[in-house]
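Working notes, structure below.
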Amino acid sequence: MTATRFTKDHEWVRQEGDIAVVGITDYAQSQLGDVVYVELPEVGRKLAQGKEAAVVESAKAASEVYAPVSGEVVAVNETIVEDPAKVNADAMGEGWFLKVRLDDPKELDGLLDRAAYDAFVAEQE
Amino acid sequence: MSDWSRALSAHATPDATAAPTISGNRGLQLEEPLLFEQDSPGHCGVDLPEPPPLRSRLAGLERKAPTGLPGLSEPQIVRHFTRLSQKNYAIDAGLYPLGSCTMKHNPRLNEKLARLPGFADLHPLQPRSTVQGALELIDTVAHWLKTLTGMPAIALSPAAGAQGELCGIMAIRAALTARGDPRSRILVPESAHGTNPSTAATCGYAIEALPANARGRVDLAAVKAQLDTDVAALMLTNPNTCGLFEDEILEIADAVHAAGAFFYCDGANFNAIVGRVRPAELGIDALHLNLHKTFSTPHGGGGPGSGPVALGLELAPHAPVPWLVHDADGFALVEHGDGQAERSIGRLKGFHGQMGMFVRALAYMMSHGADGLKQVAEDAVLNANYLRVRLADLLSLSFPGTCMHEVLFDDHFLKDTGVTTLDFAKALIDEGFHPMTMYFPLVVHGALLIEPTETESKASLDQFVAVVRGLAERAREGDAASFRSAPRLTPRRRLDETAAARKPVLRWRSASPQQEAAE
Amino acid sequence: MRYLPLTDADRTAMLAAIGVPSIEALFADVPVAARHAGLLDLPLAMGELEVERRLGRIAAKNTSAGSVPCFLGGGAYRHHIPAAVDHLIQRGEFLTSYTPYQPELAQGTLQALFEFQTQVALLTAMEVANASLYDGATACAEAVAMAGRVTGRHQAVLSGGLHPHYRAVCETYARFAGNRLVLQGAGPGGGEDLAALVDGETACVVVQNPDFFGEIRDYSELAEICHRAGALLVVIVTEILSLGAIIPPGEMGADIVAAEGQSFGNALNFGGPYVGLFAAREKFVRQMPGRLVGETHDAEGRRGWVLTLSTREQHIRREKATSNICTNSGLCALAFTIHLALLGEAGLTRLAWLNHAAAVATAERLAAIPGVELVNDRFFNEFTLRLPRPAATVVDRLAAQGVLGGVPVSRFYPERPELQGLLLVAATETVTPEDIDGFEVALREVLR
């Protein structure tokens, strides 16, 4: 299993073979506040890197979640639709959003690693 | 109780108002259940005669299941809504420093005149010979608004500001189509009210944001760089949502016109310049006004409003129907988009417009006159600048220098205090003030936008200043806990908006679903 | 000036505190060319007495509907409003309060709107309703837009029985949003086959019940056909009181209901302000336009209300909002709520049947006049007559005789000569036997 990668839009992606698991970062959930609703794509939908994949809403804000990698959606996490609080409680683990069959694993190389992402977040504050 | 509310309660300091009463009421703060929880089946607050025997013409389509609406008597209903009203803040009760809302006094003369039977008891489809006075009133309102804006034409039917924006952008699109030059983008400042991009999208345009410069105005260089032959319009609010006059507006207008685009102005902040500056002279092609802001028609807890749109010559033929015209027989309405109105964008709402608000606005305009309206703008700007100088040393003023009718602060002054803009606002509530506009405009962090309006006395402003200063000092001293547990003195403490959004309960339901189904 | 509290002494002191010599200095950012030096060419300030006198004179030039026999409908209805309604809505805490964005300071407005939402849902037999839109016509256009969002399709079928203003507003909105409308020809007596027009491209079918001509139908079968094709049924109601006597849209399988609420609590006001009602199936709630009030609890566990699901709206979602609506029709919604609260179940039913009785009596008397034909099979409080002469001329002559005798259909469809003889007649609880006598006598006279 490769290390988790990050985007500047605060998504994380973790490769598991030819599948990538995608979610929003802990920083993102803390900025958003209590998550009240999540809109996930249908399984089978083709995502393009950088384009909108999902929507996450708090009481006062709605944010697009952009696909960090291109590929076909093979699974979505229905449990966060039923219980959006999971995204706040465990954004990096149980609060995952979707799984994508990677079109091109090399796309991951262009993303931020943990250190770079942490530095980016520090700049934001 | 959730973790959230437990945490909030932990900050609560015990005080006298927390002493439990038998009834649950607290002095004049009276608890009141829902209408549906007070049902006396068969009861009625209106005495109506028995319907006479008749041969029904409903032929099998009569309603069989009851509605489930509760029955109460008039005394119960008057008490119910009176108690509800007592839980509301209102302009009548105190200052509402809400930026860009223009919460000015609502004169009662307006209410009296709007209720004259000769205005209120008129059916919109009466023959024109029986409503010449109504049409004359609409014509008079149009005249006043055209004179105040300097524009040659005005569409009076839009129901509110947002619909006025829609009207303006639709007219622009129609004009461009008529030129054979359809374009696909609209430029909107980052600081714009959400209705601006929402409106543009409804009309099928893509939106492009314009950055603000360091002085809080739209960046002229960016405007020039982003304008091209694919831009249909630039939507600007002036004075802008930072409370500043767009001093490069003439250059912006020139650039917009040179690119063949139209200049739309959101007139929500017209209160700052009414009687002193005419948008037509700023190069504006279309401008909506909010009668429920500048022209004092009451906010009513969320409407009704009225959003007339002043139009330049090229846009005027595209105004929505109905049009008011004058012929040999007097005033008439052109209700169809043919003949003289063949280039109209069509109809935007049922009937003729918000007549009830026209009467109120005209009473307001006539009461003030040309001299009074000019004084309104001056006092509005004076009051806002007075608040600026009395607060700028303690709060963080976002943009230095003079403001117009509203002043913008951001949350820098709260840095490291543990108090957010939201907490600060909730503490203001315990002091008996409605908070200022928060988190808008988006161009600064944790915005606090304050608009006093001209109907606040100096004493009222001084009291507000004293409270805001006191709270700012308390925040600096590190008493974050008291802010986070605010408000404590209102009929309800902070409400759980997360729960409301996660599991929405949008109506009352009777306790027994089987009972409902059986009925 | 009575509405301006600042005195000259105040102004002087404040200018000094600000540190500028005059008010002009505060307008320094206005380009010199755009500054208006003197006063604009408008009358000077007037006292209350003078304003009352002038506006009173203008009002006196109108014939108020209550001063003569009035049989006008066509989407706005003259009903008696109990005195308590107007007193309550004029309480300053309702009249002069703002949108309830700070819920701790606005539990009155929020609870009243929650009650309004519940009333609308109960009346229409739908699962959920919003806190009002501008009016019935714009609510209709919003319903079509919502059906497009829910189904992902861009074509709507509009019945010929839809109020022409509602149809026109839908046309305007659809043209600019790039949606297609399939419009059926208007005319009384049915004959349109809406089911045949439903296919895989259809987002919704829009029908009105009672329709523009007053006819009442059962749309349950059409609802099923729509649903099988993946389309929605939108039902429009222009006379909301009708739901006190006829089957509500929710029981017929409607997916969205858009209606005009003017009949409860709101005077005719020459066409506005009115109040748009909007209800839908709960599963579509996140696609609904307009404000929604939801129940919750506060930090002490007490029940309270807040605006919720706000992320659909313009102030958060901006260009992706479900609608650009901001200000809606709060005070008109409150008037609706109070009036309907006073009526309750029993009063609503009785009032509805009084209206039906008045209309039945009027129809029987007028249809007995030679040359006059009642077109409807069914009607509630409004029906269509076919006259032997153009109805527009008849209406003008009736007005000259002091009777507001119905609305000529040709006012809405001037381009359709075959509809020229049609007259819409409404009769509410405000119509007396003397009014019906007066109408009959005048109409016989005009048609002689």
query = Can you work out ³J(HN,Hα) from phi for every residue in the stretch A:6-21, in order, using Karplus 6.51 cos²θ - 1.76 cosθ + 1.60 and θ = phi - 60°, giving whole Hz and x for Gly and Pro?
reply = 9, 10, 6, 8, 6, 9, 10, 9, 10, 7, 10, x, 9, 10, 10, 9
ask   = What longest region of chain B stays clear of trypsin sites (Lys or Arg not before Pro) that DSSP places outside H, G, I, E and B and that have at most 12 other Cβ atoms within 10 Å?
value = B:65-414
Carbon/sulfur fraction of accessible area - the stretch B:381-483, other protein chains in place, 1.4 Å, % = 50
remark   = Checked against a 19 Å limit on the C-alpha separation, the offending pairs among A:Lys86/C:Lys320; B:Lys104/B:Lys146; A:Lys51/C:Lys320 are A:Lys86/C:Lys320; B:Lys104/B:Lys146
Sites B:Ala59 and B:Glu208 - FRET efficiency at Förster radius 45 Å, r taken between beta-carbons, to 0.05 = 0.20
inquiry  = Could you report the buried accessible area between C and B, both sides summed, computed with a 1.4 Å probe and given in Å² to the nearest 100?
reply    = 17400
remark   = In debye to the nearest 20, the charge dipole size for the stretch B:110-364, taken about the Cα centre with +1 at each Lys and Arg Cβ and -1 at each Asp and Glu Cβ, equals 540
note = Longest principal axis of chain C (C-alpha) makes with the long axis of helix C:48-59 (C-alpha) an angle, in degrees to the nearest 10, of 20
key: All aspartates and glutamates inside 15 Å of B:Lys458 as judged from Cα atoms, apart from same-chain residues fewer than 8 positions distant   = B:Glu378, B:Asp379, C:Asp8, C:Asp10
key: Whole-number percent relative contact order across chain B, with pairs defined as alpha carbons under 8 Å at least 6 apart   = 18
Tensor-based shape of the stretch B:406-476 (alpha-carbon gyration tensor, a/c under 1.5 rounded, otherwise prolate or oblate) = oblate
request  = Taking the Cα centre of chain B as origin, work out the dipole magnitude from +1 charges on Lys and Arg Cβ and -1 charges on Asp and Glu Cβ, in debye rounded to 20.
outcome  = 1020
task = Just check the stretch C:83-339 against the gyration tensor rule for me: Cα atoms, a ≥ b ≥ c as the square roots of the eigenvalues, rounded for a/c under 1.5, and otherwise prolate or oblate depending on whether a/b exceeds b/c.
result = prolate
remark   = Quarter of the surface of the C-alpha convex hull for the stretch C:39-129, i.e. direction-averaged projected area in nm², equals 11.4
task = For B:Asp228, tell me the accessible area in Å² from a 1.4 Å probe, rounded to the nearest 10.
result = 60
ask   = In percent, what relative contact order does chain A have, based on Cα pairs under 8 Å that are 6 or more apart in sequence?
value = 30
note = Rounded to one decimal in nm, the spacing of the 7 Å Cα→Cβ label points at A:Lys51 and C:Ala368 is 7.1
note = Farthest towards the positive end of the dipole of the protein assembly as shown, among C:Leu398, B:Ser100, C:Gln184 and with Cβ unit charges of +1 on Lys and Arg and -1 on Asp and Glu, lies the Cα of C:Leu398
task = Evaluate the relative contact order of chain C (contact order divided by residue number), counting alpha-carbon pairs under 8 angstrom at least 6 apart; express in whole percent.
result = 20
GNM flexibility winner over chain C from C:Asn376, C:Asn269, C:Asn355 (Cα, springs under 10 Å) = C:Asn269
inquiry  = Give the lysines whose C-alpha is closer than 23 Å to that of B:Lys415, dropping any in the same chain fewer than 8 places away, or say none.
reply    = A:Lys60, B:Lys426
inquiry  = Please give the charge dipole size of the protein assembly as shown, origin at the Cα centre, charges +1 on K and R Cβ atoms and -1 on D and E Cβ atoms. Round to the nearest 20 debye.
reply    = 1320
inquiry  = Angle check, please: helix C:391-400 long axis (alpha carbons) against the longest principal axis of chain C (alpha carbons), in degrees 0 to 90, nearest 10.
reply    = 60
message = If R₀ is 25 angstrom, what is the calculated FRET efficiency for the pair B:Leu489 and A:Ala85, using the beta carbon separation as r and rounding to 0.05?
response = 0.25
message = Take B:Ser129 and C:Ser220, extend 7 Å from each Cα along the Cα→Cβ direction, and tell me the distance between the two endpoints in nm.
response = 4.9
remark   = dims of the protein assembly as shown, Cα set, principal axes, largest to smallest, nearest Å -> 92, 73, 72
Spacing of the two label points (7 Å from each Cα toward its C-beta) at A:Asp109 and B:Ser510, in nm = 6.9
task = For B:Glu251 and B:Ala221, calculate 0.36 nm times their separation in residues minus their Cα-Cα distance, and state this gained length in nm to one decimal.
result = 9.8 nm
Placed amide H near B:Ile154: partners under 5 Å, 5+ positions off or other chain = B:Leu311
key: Between helix C:164-177 and chain C: long-axis angle, C-alpha atoms, 0 to 90°, nearest 10   = 60
note = For the stretch B:110-364, the convex hull over Cα atoms projects on average to an area in nm² of 13.4
query = Among B:Thr420, B:Ser23, B:His288, whose Cα lies farthest out toward the positive end of the dipole of chain B, if unit charges sit on the beta carbon of Lys, Arg (+1) and Asp, Glu (-1)?
reply = B:Ser23
ask   = Given the Cα-Cα distance of B:Ala19 and B:Arg108 and 0.36 nm per residue of separation, how much length would full extension add, in nm?
value = 28.1 nm
query = Among all helices in chain B defined by DSSP H, which have a length of 30 Å or more along the axis from Cα atoms plus a Kyte-Doolittle mean of at least 0.0?
reply = B:355-391
task = Over the stretch B:110-364, give the accessible area per residue in Å² for a 1.4 Å probe, as an integer.
result = 25
key: Taking N as its residue count, the alpha carbon Rg of the stretch B:371-491 over 2.2 N^0.38 Å   = 1.06
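The values are calculated or read from the model by the stated rules, or taken from the named source; none is laboratory data. It should be emphasised that the depicted structure is a prediction, and the values quoted were computed from it without experimental measurement. Neighbour counts run over all protein chains shown; Cβ positions are idealised from the backbone, glycine included. Surface accessibility is based on the protein's heavy atoms, side chains included, excluding ligands, DNA and RNA. Shrake-Rupley method; radii C 1.70, N 1.55, O 1.52, S 1.80 Å.
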